[in-house]
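Structure record follows, encoded as structure tokens.
Values quoted throughout were computed directly from the atomic coordinates according to the rules given, and no laboratory measurement underlies them. From a predicted model like this one, the values you see are computed outputs, not experimental measurements. No Cβ is skipped: glycine too gets one built from the backbone with ideal geometry, and neighbour counts run over all protein chains shown.
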Amino acid sequence: MSKLYVSASPHIHSGASTRNIMLDVIIALLPATAASVIIFGVKSLIVLASCLIAAVGGEALFNLICRKKQTIGDLSAVVTGLLLALNLSTNVPVWQCVIGTLFAIVCVKCLFGGLGRNFANPAITGRVFMLVAFSAVAGGANPTIVDAVSSATPLEVLAKGESVDLLDLFLGLHGGAIGETCVLALIIGFVYLLVRKVITWHAPVVFIATVFVLYLAFTGDVMLALSQILAGGLFIGAIFMATDYVTTPITTCGRIVFAVGCGVITFIIRYFCAYPEGVSFSILIMNILTPFIEKWTEKQPLGGVK
Amino acid sequence: MLFKKKNISSLHIPHNKNTAGLVPTRIDTPKEVVLPMNVTSHAMNASKPAVSVGDHVRVGQVVACEEGSFSTFIHAPISGTVTSIEPMKFRSEQEVLAITIESDGKMELSPDIKKPEFNTCDEFLQAVNNGGIVGLGGAAFPIWAKLREATNPDYNVDTVLINAAECEPYITSDHRIMLEEGNMLKAGIDLLHKYIGAERFVICIEDNKQDAIDNLTKIFEGDSCVEIQPLPSIYPQGAKQVLLYNVTGKVVKGGQRMASLGVLITNVSSVTKMAEYMTTGMPLVERIVTVDGTAVKEPKNVKAPIGTPISHIIEQAGGLKSEAFKVLIGGPMLGTAVSSLDQPIQKVANAVLFMTKKEAAQLEPSVCIRCGRCMANCPVNLNLEGIAAAMELEDEDKKYARLKDLGVGQCIECACCSYVCPAHKPIMQTNNESRKFMKKYQAAHAEEGRK
């Protein structure tokens, strides 16, 4: 008889793995990815391909150069690449996609020690970097599926005081970043993540509700409040970025505080500032505040005494 | 607290109670038995041999006496000759003195086996001690010491929770005890009622053992002191802190004794075995062991003498259908992996599990992705991510202060955290290490204080 294997308990495992979680996130992003190709045509495939290749290649190359253990197998680079691509419009040239993605993967993630050690969400930070470096990343592109009159995004239209069609907003038949427009597809992904217990409902629901309530309170206009939550990157940000494990609080209580903060900052930027889109900035700011939120919301264990 | 949780619940783990319907069969007497002098892994609680090499012993005869606190009497489980008394390696690297008895195949009973005499509480406790009864739920803490604490008038223990949750997968030995020795359990409860003075007995059973619930309901019908409490079948329902909260709503605070809350928790098999000794004089020399796991030919329950080598048990239980990759004494969540099949079963061995390579988790830890699953599934709400981070602090004073602040001492070692971790981190081990560190730190500082 061969030697018996000995290790500490427990001797069984739930089967959960980092890779499976990332795979679930990728699956949850597939409806939005499909919608982006349907709405914006093949051009969105170019954006998707360049970001994905840059993300996986960038991480692989970084690990090779730094002689670190290869980590692309955990699929987190695929998630970052895909998520960043879905946050860009078809107007963004390939070279910008590649530089933005490399910044997200190498500067935000790898240089901080890889997955689990980055303080800010790489995809969000990559998008904000591109906003600052190359100006418009979300606007300027028309859906190929319908005859759009104007290439302005709904948020730009709303900022001018005009109204937009709610159904078009829900289905995503308007200009914007390729993955953010189709709210229906994003909600399908959200439900999948909930069913698979990858995320809890707290952060996305509280984030979106906060924006809605604040708009309603300040304007008293239900239609405007609805348009505001359906337009722009709120759904994709709330569902896929405000729920990122690494950069958001670990407890339910903390996640709610985080989401309220995101909602308030998004509202402030959209309502009071000249800038129409606030989701990316709000999440990035709250990412930075995460360690403090965790400190404030720390709980005592059962039977714990100070 | 504004929203008080009604029940602590944690994980749904596949139960795999394949042997629940199987009546235990007594195995053939093994050629030899090995009796380590410590029933837990703490060498300091070792008993002292009372026989010498070459002595002939009979079933039930005392072969080792208690020595110092928390050791127990050990009785010969078979009749035969003592062939060696020497240190051996068991669970840990540390060597432990062990008595080996070679069987004469006769299973002759010792004339010492007779019903103990007791009239007062002290005599009762002494008799329980003489029977070598230990906590069979896993801790192997001598029962008499626990009962003695419960009789302390400062504590006023009035409630006894009989722990029959048996929440670990596979194991059904407590379940079988409740089906087959319900009357003995009743005798045990009557004794505790009389001598410990508790007025309320709650038998806590997970609801996946309906036949046991029915059987005990029938046996205890009309007994106003005894309640049968079905509980959801959720791991770790049988952990003391969890059971206490779910049944009584009470919580043992850090540094508190369970008895100070007026509650005693004891395992159902311990009470039954105690009653067996008190009514017949037969000490704890044999127990029900569940033999299961994906590598066994057919799952079984067996009655085996304490000290029987695992190899003999599996041979008697029908053998393996595929190679065993990992062999456990106890359940898959908290059991101990053994390095060899020569290892004997001890008093607390409620199961022997043979796992194939596929079933046994062999995990390579990766980095924490802060998913929070460990904390969401921790029955006592520990900040496990915080503990792991604190363990990386270099400054010992800061590390100690932070760990103390996080209340790591409240860990019940249920292993839910490690079970769910997608990064495959050994979270429970980190907790154990952190508590070891705290003890060492306290000891070092206590010494400094004396200087």
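Among A:Gly261, A:Gly116, A:Gly172, which one shows the highest mean-square fluctuation when chain A is modelled as a Gaussian network with alpha-carbon springs under 10 Å?
Its mean-square fluctuation being the largest, the pick is A:Gly116.
Residue by residue, what Karplus-based ³J(HN,Hα) values in Hz, rounded to whole numbers, does segment B:146-151 have, using 6.51, -1.76 and 1.60 with θ = phi - 60° and x for Gly and Pro?
Working through the residues one at a time gives 5, 5, 4, 4, 5, 8 Hz.
Looking only at the protein assembly as shown, where both bridge partners belong to it, what percent of the DSSP beta bridges are antiparallel (to the nearest 5)? Walk me through the numbers on the way to the answer.
On the way: 37 of 60 bridges.
Just about 60 percent of them are antiparallel.
Can I get the semi-axes of segment B:344-451's equivalent ellipsoid? Compute them from the C-alpha gyration tensor as square roots of 5 times the eigenvalues, in angstrom, largest first. Please list the in-between numbers first.
Working: eigenvalues 169, 81, 30 Å².
In descending order the semi-axes read 29, 20, 12 Å.
Please provide three numbers in whole Å: the alpha-carbon extents of the protein assembly as shown along the principal axes, with the largest listed first.
Result, largest extent first: 103, 61, 54 Å.
Which residues in segment B:221-251 have a backbone N closer than 12 Å to a point placed 7 Å from the Cα of B:Asn156 along the Cα-to-Cβ line?
The answer is none.
By its C-alpha gyration tensor, with a ≥ b ≥ c as the square roots of the eigenvalues, how is segment B:200-264 shaped: rounded for a/c under 1.5, else prolate for a/b larger than b/c, else oblate?
Numbers: a/c = 3.62, a/b = 1.53, b/c = 2.36.
Taking the square roots of the gyration eigenvalues as a ≥ b ≥ c, segment B:200-264 is oblate.
Could you pull out every residue, at least 5 positions away or on a different chain, whose amide H is within less than 5 Å of the one on B:His75? Hs are placed 1.01 Å off N in the peptide plane, and Pro or chain starts have none.
The list, which skips near neighbours in sequence, is B:Val63.
Just check chain B against the gyration tensor rule for me: Cα atoms, a ≥ b ≥ c as the square roots of the eigenvalues, rounded for a/c under 1.5, and otherwise prolate or oblate depending on whether a/b exceeds b/c. If you can, show how the numbers build up before the last one.
Details: a/c = 1.36, a/b = 1.25, b/c = 1.09.
Here chain B falls in the rounded category.
Give me the inter-chain shielding for B:409-416: mean count of other chain Cβ atoms within 10 Å, whole number please. Intermediate values should be presented prior to the final figure.
Details: counts 4, 6, 1, 3, 1, 1, 5, 2.
That average works out to 3.
Neighbouring Cβ atoms within 10 Å as the yardstick, rank B:Ile78, A:Ile105, B:Ile313 fewest first. Mind dumping the intermediate values first?
On the way: B:Ile78 26, A:Ile105 30, B:Ile313 21.
Least crowded to most crowded, the residues run B:Ile313, B:Ile78, A:Ile105.
Short version: ³J(HN,Hα) in whole Hz for each residue of segment A:222-236, in order, from phi by Karplus 6.51 cos²θ - 1.76 cosθ + 1.60 (θ = phi - 60°), x for Gly and Pro, what are they?
Per residue, the Karplus-derived 3J(HN,Hα) values read 4, 4, 5, 4, 5, 4, 5, 6, 7, 8, x, x, 5, 5, 5 Hz.
Please give the residues of segment A:42-75, grouped as numeric ranges, whose backbone N is less than 14 Å from a label point set 7 Å along the Cα-to-Cβ vector of A:Arg19.
Answer for this model: A:70-75.
Take B:Asp190 and B:Ser224, extend 7 Å from each Cα along the Cα→Cβ direction, and tell me the distance between the two endpoints in nm.
Reported label-point gap for B:Asp190 and B:Ser224 is 1.8 nm.
Determine, for segment B:121-280, the count of lysine pairs separated by eight or more sequence positions (or lying on different chains) whose alpha-carbon distance falls under 23 Å.
The result is 20.
Return the long-range amide H neighbours of B:Val202 (sequence gap of 5 or more, or a different chain), with a cut-off of under 5 Å between placed amide H atoms.
When sequence neighbours closer than 5 places are left aside, the close amide H contacts are B:Val160, B:Leu161, B:Ile162, B:Glu227.
Excluding residues on the same chain fewer than 8 positions from B:Lys326, give the lysines whose Cα lies under 25 Å from its Cα.
Leaving aside lysines fewer than 8 places away in the same chain, those within reach of B:Lys326 are A:Lys3, B:Lys17, B:Lys31, B:Lys89, B:Lys297, B:Lys300, B:Lys303, B:Lys347, B:Lys357, B:Lys358, B:Lys425.
Give me the distance in nm between label points sitting 7 Å out from Cα along the Cα-to-Cβ direction at B:Glu396 and A:Val6, one decimal.
Each label point lies 7 Å from its Cα, and together they span 2.9 nm.
Given points 7 Å out from each Cα along the Cα-Cβ axis, report the A:Val132 to A:Ser163 separation in nanometres with one decimal.
3.9 nm
What FRET efficiency would be calculated for the residue pair B:Gln256, A:Arg196, taking the C-beta separation as r and a Förster radius of 35 Å, to the nearest 0.05? Before the final figure, lay out the partial values.
On the way: r = 40 Å, r/R0 = 1.15.
The value I calculate is 0.30.
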